[in-house]
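Notes to accompany the following structure.
Every read-out reported here was derived from the displayed coordinates using simple, explicitly stated rules and does not represent laboratory data. Just so it is clear, the model here is predicted, and its values are computed rather than measured. Neighbour counts are summed over all protein chains in view; Cβ atoms, including those assigned to glycine, are modelled from backbone coordinates with ideal geometry.
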Amino acid sequence: MKKLLPYIFAALLFNSAALLAQGGFPELTASDVQGMEVLRKDYFDGGSLWGYIDGGADVYLEYGFKKLLVQEVDINNINLKIDIYEMNDAESAFGIFSIFSFKCNNNDELPCANCVTRYQVQAVSGRYYISIVNQRGDKESGRLALSLAQELVKKTGEQQFQYPSLFAREELFKYQKNIKFVKGKLGVQNGVPEWEDLFSEVKSFSFYVTSVRAGKESINAAQIKFGSEDDLEKFYSAIGLKTASDNSYHQTIKEGVVCGLWKLNANEVIFIEAKAGTSGFNRIQKALDNYVKE
Amino acid sequence: MISRRKFFKSLALGGIAATVLQPPLKSVLAQMGTDDKVATNIKDVEKYPRNKYSMPGRFPGKVVQVYNDKCIADNKFNGSEIDKMVNDGLLKLTGETDINKAWQGFVLPTEIIGLKVNPIAGVALSTSVEIVTAVIRQLENAGIPRKNIVIWDRRSADLNDAGFTEGKFPGIKIAATEIKDKAGSYYNKEGKLYGEEMIDKEWYYWADVDGKYDAETLPYMVNEGKFSYFSSICTKQVDKIINIPVMKNAGSSVTLCLKNLAFGSITNTGRLHQKLWSETCAEVCAFPPLRDKVVLNIVDGVKGCFNGGPEAKPEFITEYKTVLIGTDPVAVDRIGYEIILKKRIEENIQKADTPKGRKFLGLAQDLKLGVADLEKIKLTRINQITITD
């Protein structure tokens, strides 16, 4: 199989430009890879995603799902299942990727955010979220999955999205691999479940959040955008605070958890949360405070 | 090539100070639900008296948890060990010493027995063929003819993908509500959905949420509107149901006995996920086709997941090596919930329990379907551990 890989790469490179030019949905075809047989090819649009993953579809729909291509391929007796989700935008694709990434190894050969584990390669390229699952979990299957992911990323031809500048701050930068983009209530359930109650009365919101490790504890820092001023007020209320009139810092301690807020504008805040007494909290709080006031 | 870290760094250095959350929020606004109480027809269930099999069944609040360290290895199920787990768990639950007698306490040879599986996540994370094989073998030994056994769920395609085929289960009926024919169509020659022929309009769950679907989605929902009809498989075809879900999370909640029954037995479910997930899990099970027919719950936790469910996301799949058995689906779900929660906290997926995740259990308890309070549940553990010298 090792000998076969260079040929596969060559074939992939040759074909990708042509497919990109066609502007079609990124997919793998039998001509892309020597010896590859496409066993299954199914598209799912909109709500028909329920037909593929039933209740699992809801979180994709909430983030903003357009279309899914499911391919199952066999390459020299290695079976791979490829899901290519087209989301409404790059943030939504990254959001899905971020909540489903876990204990990842990053692979530098993929020019985008990726998560490589024994059985799966996940990548997000522009508005496409790509998942390639191999059944065997061995190195050969993993390498093959990675090469297919590389090709699909090329075929998307997508520009990558940008995230809030807050997360480029020195104090947060090294935790960027923890960044999640959360949108809607199912997003919270899957991304930061301990915040479910904070958003139970809020109708529309989305946020980026990262988790800063502090000994055995962690400090969560988020930039939250609400659909309306009313939603922002409901969030303040859930924290146990009155809505601030300026961007000064306010905090509460409830049931041993510290929650702090800066109001950036009528529908946007920066939020920090940690167990009371967590070391490093003051440092992060100060960094965020400086960011708000710059 | 650049790493994810470098990739982020390049973005950060690329002058993105002004780039804050692009606004796809409008679409979210349209989809988001509220916590306002939505009207349903749950009061209808009061018209139907309970029988001796009605949930929570013969053993309210009693759950047996069987752990077996050899039931799976290298992602391969060990059928004989799984058989032993079901066998020993059922004996412990019933207090019987004869496994045939234990089964005969739930089912009779003259009855049609439905095995409600969960096959939606392919072979990777569905009810395993091995545990269903074990149940069938034991049922047969107890005198239930194969022709009286039906393996069923919503979708024929899912059943097939998860390995529930007539080839693997000769003589057993494989039944689905949403049927896809050999040509890949959900419609018959008259242009009618096969699913429409499989529903029983006498039994329905009404909720004041309208289901509207496009042409691609409708075959998976069967009908639109505010009615979710029960499958005739559970209302007419089977006399008793043995529920065999998989140990899976659903966000910070779980999809075990109640979810498998509720969402697997009715149509038009798409409308219910957002606003009525907890209510549906509890209330649909309170209707007689489920409440009075489900005699036993066997949770397949040999392999399960702790996040990403109900999809099969490989990084979240784990070998719990556990089977839960009980007649009380609420109590079994509560124990399953605790197992999954513990794993989620260990894996740093969440920090602590979120009461919203077990809201459906409280609702089910209020409907007298079982016991949700942990302190009132009698849990018995069986450890089948191999000791080597």
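Here are a few things to note about the model shown:
- Computed over chain A, the ratio Rg/Rh where both radii use C-alpha atoms and Rh is Kirkwood: 1.03
- Based on alpha-carbon atoms, the Kirkwood radius and the radius of gyration of the stretch B:4-384 give Rg/Rh equal to 0.99.
- Shape call, the stretch A:165-293: gyration tensor on alpha carbons, a/c limit 1.5: rounded
- Cα gyration tensor shape for the stretch B:240-290, rounded if a/c is under 1.5, else prolate or oblate: oblate
- For chain B, built as a Gaussian network whose Cα springs stay under 10 Å, the top-fluctuating residue of B:Thr269, B:Thr165, B:Thr110: B:Thr110
- The stretch B:278-338, dipole about Cα centre (Lys/Arg Cβ +1, Asp/Glu Cβ -1), debye to the nearest 20: 160
- Across the protein assembly as shown the C-alpha pair distances fall into 10 Å bins from zero in the proportions 3, 15, 25, 26, 19, 10, 2, 0 percent.
- Principal-axis analysis of the Cα atoms of chain A puts helix A:139-156 at an angle of about 80° to the longest axis.
- Normalised size of the stretch B:32-129, defined as Cα radius of gyration per 2.2 N^0.38 Å with N residues, equals 1.49.
- Dipole-positive endmost among A:Cys115, A:Ser125, A:Ser48 within the stretch A:5-156 (Cβ charges, Cα centre): A:Cys115
- Residues A:Ile239, B:Ile340, sorted so that the one with the fewest Cβ neighbours within 10 Å comes first: A:Ile239, B:Ile340
- If you run the Gaussian network model on chain B, springs between alpha carbon atoms under 10 Å, then out of B:Ala372, B:Ala282, B:Ala121 the most flexible one is B:Ala121.
- Simple point charges give the picture: +1 on the Cβ of Lys and Arg, -1 on the Cβ of Asp and Glu, and for the stretch A:201-294 a dipole about the Cα centre of about 380 debye.
- Among B:Lys180, B:Lys342, B:Lys52, the largest mean-square fluctuation in a Gaussian network model of chain B, built with springs joining Cα atoms closer than 10 Å, belongs to B:Lys52.
- Eigenvalues of the alpha-carbon gyration tensor of the stretch B:136-246, scaled by 5 and square-rooted, set the equivalent ellipsoid semi-axes at 28, 18, 12 angstrom, largest first.
- Ellipsoid equivalent to the stretch A:5-156 - semi-axes via the Cα gyration tensor, in Å: 23, 17, 15
- With all projection directions averaged, the alpha carbon convex hull of the stretch B:204-322 covers 7.8 nm².
- Dipole moment magnitude, nearest 20 debye, chain A about Cα centre, only Lys, Arg, Asp, Glu C-beta charged: 840
- No disulfide-compatible partner, judged by a Cβ distance under 4.7 Å, exists for the following cysteines of the protein assembly as shown: A:Cys112, A:Cys259, B:Cys71, B:Cys234, B:Cys257, B:Cys281, B:Cys285, B:Cys305.
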